[in-house]
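A.B. asks: Please read through the structure below; I'll follow up with questions.
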Amino acid sequence: MNLRAAIVVALSLLVGFGCATPRTARDSGNYTLVFLKTGPEDARVTGDDRTKVFDGHMANIQRLANERKLLVAGPFGKQRDNPSRRGLFVLDTADRAEAEQWASTDPAVKRGVFVLEYHDFATDAPLRAALERVLASQAAAVEAGQAPDPKQTMRGYVLLTAEHGTVALPELRVLSGHGHAFAPGALESIRAVAWLDAKDAADARLRYAEVLARIGKYELDDWFGSVELARTAAR
């Protein structure tokens, strides 16, 4: 997915947040992270049919955002160690059945364009506070009669997924403290994940070579999302 498409996906999500209905506040830092991966019917859904499916995909993202069920969303970019990954959600629930119920409503999932891979995700990052800042910004833009500017609201990251969480997570928290990694957390209490401050995976390999050499097996994938994620760093 190219940058323009990435901006369209994530910007649509932000627009949806602007008319959200608040849900009951939750105090825990336990969520469900969902990878949207290439499905068995992806190549067969083409032309106008594909346009319709992705219009529905976007509308469903907006609906989940409106309901405050979706905290983080965005597409993966060009450089990916895991080429099957197409997008990512962070859902505001630690209940797997509830997460599956929410995410499986996606028309692209129903058509087999995407398949979903669910993971328990725990992080101390203030994801809900980041969402509230997005909401405030969007409300101000609407009141001023302005359209959101993707150059101001979106940016690129590199998603790091590390196999050995007990080794990687302390390193990622140090990076977060210096403003170089965002929302470091545990996947399934075994692996670790964080969004790195880098323009692409190649840049991340150079900038964080020493850390990467210490954490064992990992994957790096280009990803696009809200600038507010970068403001969750534990400085």
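A.B. asks: Which one of Gln101, Leu33, Gly87 has its Cα pushed farthest toward the positive end of the charge dipole of the chain, where Lys and Arg give +1 and Asp and Glu give -1 at the Cβ?
C.D. replies: Farthest towards the positive pole: Gly87.
A.B. asks: In nm, to one decimal, how far is the modelled label at Arg205 from the one at Thr105, with both set 7 Å along Cα→Cβ?
C.D. replies: Each label point is offset 7 Å from its Cα along the Cβ direction, giving 4.1 nm.
A.B. asks: If you don't mind, there's one more thing I want to ask. Where the centroid of each part is defined by its Cα atoms, how far is region 33-49 from region 115-148 in Å?
C.D. replies: Centre-to-centre (Cα) distance: 25 Å.
A.B. asks: Moving on to the next point. When the convex hull of the Cα atoms of region 153-232 is projected onto a plane and the area is averaged over all directions, what value comes out in nm²?
C.D. replies: Taking the Cα atoms of region 153-232, their convex hull projects to 4.6 nm² on average.
A.B. asks: In the chain, how does Rg compare with the Kirkwood Rh, expressed as the Rg/Rh ratio over alpha carbon atoms?
C.D. replies: Values: Rg = 16.9 Å, Rh = 17.9 Å.
Value, to two decimals: 0.95.
A.B. asks: How far is the Cα center of region 149-178 from the Cα center of region 59-113, in Å?
C.D. replies: Distance between centres, Cα-based: 19 Å.
A.B. asks: Something else: At R0 = 30 Å, how high is the FRET efficiency between Glu117 and Val174 if r is their beta carbon distance? Nearest 0.05 is fine. Display every interim value, and only then the final one.
C.D. replies: Working: r = 28 Å, r/R0 = 0.94.
Once rounded, the FRET efficiency stands at 0.60.
A.B. asks: Hey, if you put +1 on the Cβ of every Lys and Arg and -1 on every Asp and Glu Cβ in region 103-235, which of His178, Val193, Ala204 ends up farthest toward the positive end of that dipole?
C.D. replies: His178
A.B. asks: Between Gln146 and Asp81, 0.36 nm times their residue separation minus their Cα-Cα distance comes to what?
C.D. replies: The Gln146-Asp81 span can extend by a further 19.6 nm.
A.B. asks: Can you say what percent of the DSSP beta bridges in region 153-232, counting only those with both residues inside, are antiparallel? Round to 5. Don't skip to the answer; put the middle values down first.
C.D. replies: Details: 19 of 19 bridges.
Taking every DSSP beta bridge within region 153-232, about 100 percent pair in antiparallel fashion.
A.B. asks: Per 0.36 nm of contour for each residue apart, how much would the distance between Val167 and Arg133 grow if the chain were fully extended, relative to their Cα-Cα spacing?
C.D. replies: Difference between extended and current length: 9.0 nm.
A.B. asks: Here is a follow-up. Can you pull out the GluC sites (Glu not before Pro) in region 141-190 that DSSP calls coil and that have at most 14 other Cβ atoms within 10 Å?
C.D. replies: Passing sites in region 141-190 are Glu188.
A.B. asks: Okay, next question. Taking 0.36 nm per residue of separation and subtracting the Cα-Cα distance, what length does fully extending Ala97 through Arg63 add?
C.D. replies: Once the chain is fully extended between Ala97 and Arg63, it gains 10.4 nm.
Computed from the coordinates by the stated procedures, all read-outs in this text should not be read as laboratory data. Note that this is a predicted model, so its numbers are computed, not measured. All Cβ positions, glycine included, derive from the backbone under ideal geometry; neighbour counts span all protein chains shown.
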